[in-house]
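Have a look at the structure below before the remarks.
The values are calculated or read from the model by the stated rules, or taken from the named source; none is laboratory data. On a predicted model such as this, the values are computed, not experimentally measured, just so you know. We place every Cβ from the backbone using ideal geometry, glycine too, and count neighbours over all the protein chains shown. Quick note on the areas: whole protein, heavy atoms, side chains included, nothing else; ligands and nucleic acids left out. Shrake-Rupley method; radii C 1.70, N 1.55, O 1.52, S 1.80 Å.
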Amino acid sequence: MALRFFNTYSREIEEFEPRDPTARPIRMYTCGPTVYSRAHIGNFRAYIFEDLLQRHLELRGYKVHRVMNITDVEDKTIRGAGEAGIPLQKFTEQFKEAFFEDAHTLRIKRADDYPAATDQRYIDRMIEMISVLISKGLAYQADDKSVYFRINKFPDYGKLAHFDLTQLQSTGRVKHDEYDKEHIGDFALWKASDEADGDVKWDSPWGPGRPGWHIECSAMSMALLGDQIDIHCGGVDNIFPHHEAEIAQSEGVTGKKFVRYWLHCAHLLVDGQKMAKSLGNFYTVPDVLAKGYTGRELRYALLRVHYRVPLNFTWEGMNEARESLVRIDQWLARLREAAKPGNVQRLNTAFEDALDDDLNISAALGFLFESIRETNRAMDQNKMDAASASDWLDWWKRINTVLDLEAGADVVIPHEVAQLAEERENARREKNWKRSDELRDRISALGWEVRDTKDGPKLTRGAGSA
């Protein structure tokens, strides 16, 4: 099956055809964190979707050059630094470090580049682009000394968000980085320095100031990936105004189509409501870990729903994620007991085929768990030979390059559980079966399961543990 994705620009499922399939890797830009606070699990829902996309493209034989920006200068970061009374760089650095820590916890593959908007080489690129836009009549310096993009001079403005500019009432100019279509207007490319910005400013032909949020991504993307890219991702909240502005700026400078495929991830809800600190349902990765869950359990919970469908995060859902991973762990343990090295036969490609269809992760996971049911049944009936078990392990190894869900170092066995398992093994050696069963029950009560194998006892999290 050919790869197909839903393109936000056309609002259609389109067959994936790289701009230049022979000369370059897939060029992919993903909007990264704005580092004014710690990223929340809604942010990471989008980052995991992008991780899934990259991993599947690579499984299908593509090389991917992915860039993820770090937005470290915009309205919120400047306001946060001012309120904290510390320099902007010091303020944002703590949240950059937290982002990379959380991304590692969730097993998100590192991008090839993480450009920061405050890097002087990108500031220079932004100034260069703005100068070109002014020379083409697409931008102007206003009486407030800031530079704005003339949206009425770019005929395709509004096509990504699918609204008709003629049907909307312009408010004139918009200096804020974020706004909705009811406040549409010429957006800021360069913001003249003011008192609120403090010492956050750079020299430019239009006087001291700082870039607008939207020009930052255009400049960093074009500097690292060239004038045209294959895939641009983000959350649905990025469609307008951010990505709409990126198209206008980039194509205004080059006269070329900026992006071939726009992919956007739907919102994350918490218990059916929008996540908000005021509602007490605002969670970061450490918040979830503090409840006793692991990074891979949260990864599964954020991964399992199709990216274009809103994901409702609940603690019940986290327990379901744990149960699903326990099933996978126990299945792999059984296969490893039964397997032996040999000639590996390539198994069904239904998992990959499902992901080919606009990353249909629900169908892909459905096939995975149907395969687990069937192979467990075969092992129960002694109908699974060693070679077949090896084939299934090889199949898992292949699909896990996309999922990255196998138990690893983040599964820590508590000391009490490990000690009980050792006592149980001693009881078994002494053939004290009653004591062995009692200890198994105590281990189970602590949320763990012990499985006796030819290589000794193996501990896994129980499906009902919290």
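Only residues that are within 17 Å of Met220 (Cβ to Cβ), touching a helix residue (DSSP H, G or I) at 6+ places or on another chain (Cβ under 7 Å) and in a loop (DSSP other than H, G, I, E, B) were counted in the stretch 96-117, giving 2.
For the stretch 61-95, a tally of residues being within 17 Å of Met28 (Cα to Cα) and not in a strand (DSSP E or B) returns 4. So which residues in the stretch 110-163 are polar (S, T, N, Q), closer than 16 Å to Trp190 by Cα and open to solvent by 10 Å² or more (accessible area, probe 1.4 Å), if there are any at all? Matches in the stretch 110-163: Thr118, Gln120, Ser131, Ser135, Gln141. If you go through the stretch 227-256 and keep only what is under 18 Å from His162 (Cβ atoms), touching a helix residue (DSSP H, G or I) at 6+ places or on another chain (Cβ under 7 Å) and open to solvent by 30 Å² or more (accessible area, probe 1.4 Å), you end up with just Phe240. Confirm whether Arg45 is of a type in the set (Lys, Arg), open to solvent by less than 10 Å² (accessible area, probe 1.4 Å), out of contact with any Ser or Thr (no Cβ under 6 Å at 6 or more places or on another chain) and closer than 27 Å to Thr314 by Cβ. Answer is yes for this residue. Of all residues in the stretch 281-307, those being farther than 15 Å from Asp102 by Cβ and in contact with an Asp or Glu (Cβ under 7 Å, 6 or more places away or on another chain) number 1. Could you grab me the full set of residues in the stretch 160-202 that are modelled with pLDDT under 95 and of a type in the set (Lys, Arg)? The answer is Arg173, Lys175, Lys181. Pairs are defined by a Cβ separation below 8 Å, a sequence spacing of at least 6 or placement on different chains, a first member in the stretch 359-376 that is closer than 16 Å to Arg398 by Cα, and a second member that is in a helix (DSSP H, G or I) and basic (Lys, Arg); the pairs so defined are Phe369/Arg327; Ile372/Arg327. Could you run through the stretch 386-410 and say how many residues are part of a loop (DSSP other than H, G, I, E, B), surrounded by fewer than 16 Cβ atoms within 10 Å (Cβ to Cβ) and touching a residue at least 12 places away in the same chain (Cβ under 8 Å)? Final tally of qualifying residues: 3. List the number of the failed condition for Tyr36; all other conditions in (1) among the hydroxyl-bearing types (Ser, Thr, Tyr); (2) in contact (Cβ under 8 Å) with a residue 12 or more places away in the chain; (3) open to solvent by less than 50 Å² (accessible area, probe 1.4 Å) hold. If we test Tyr36 against (1) among the hydroxyl-bearing types (Ser, Thr, Tyr); (2) in contact (Cβ under 8 Å) with a residue 12 or more places away in the chain; (3) open to solvent by less than 50 Å² (accessible area, probe 1.4 Å), just (3) comes out false. Is there a residue in the stretch 285-297 that is free of Cβ contacts under 8 Å to residues at least 12 places away in the same chain and within 30 Å of Glu128 (Cα to Cα)? No, that holds for no residue. Total residues in the stretch 268-280 satisfying the condition of being loosely packed, with under 15 Cβ neighbours inside 10 Å and either at pLDDT 95 or above or of a type outside the set (A, V, I, L, M, F, W, C) (or both): the figure is 7.
Taking (1) modelled with pLDDT under 95; (2) surrounded by 19 or more Cβ atoms within 10 Å (Cβ to Cβ) in turn, Gly61 satisfies each apart from (2). Within this structure, Ala223 passes the test of being at pLDDT 95 or above, within 25 Å of the chain's Cα centre (by Cα), of a type outside the set (Lys, Arg) and open to solvent by 20 Å² or more (accessible area, probe 1.4 Å). Consider the stretch 246-278 and keep the residues that are free of Cβ contacts under 8 Å to residues at least 60 places away in the same chain and hydrophobic (A, V, I, L, M, F, W, C). The one that is farthest from Ile26 (Cα to Cα) is Ala276. Looking only at the stretch 1-33, residues that are buried (at least 17 other Cβ atoms within 10 Å of the Cβ) and closer than 17 Å to His264 by Cβ come to 12 in all. Of the residues making up the stretch 350-370, at least one is polar (S, T, N, Q), open to solvent by 20 Å² or more (accessible area, probe 1.4 Å), in a loop (DSSP other than H, G, I, E, B) and closer than 30 Å to Val285 by Cβ. Against the numbered list (1) surrounded by fewer than 16 Cβ atoms within 10 Å (Cβ to Cβ); (2) within 16 Å of Arg461 (Cα to Cα); (3) under 19 Å from the mean Cα position of the chain (by Cα), Gly295 comes up short only at (1). No other residue among Phe95, Phe91, Phe100 is open to solvent by 10 Å² or more (accessible area, probe 1.4 Å) and within 15 Å of the chain's Cα centre (by Cα) apart from Phe100.
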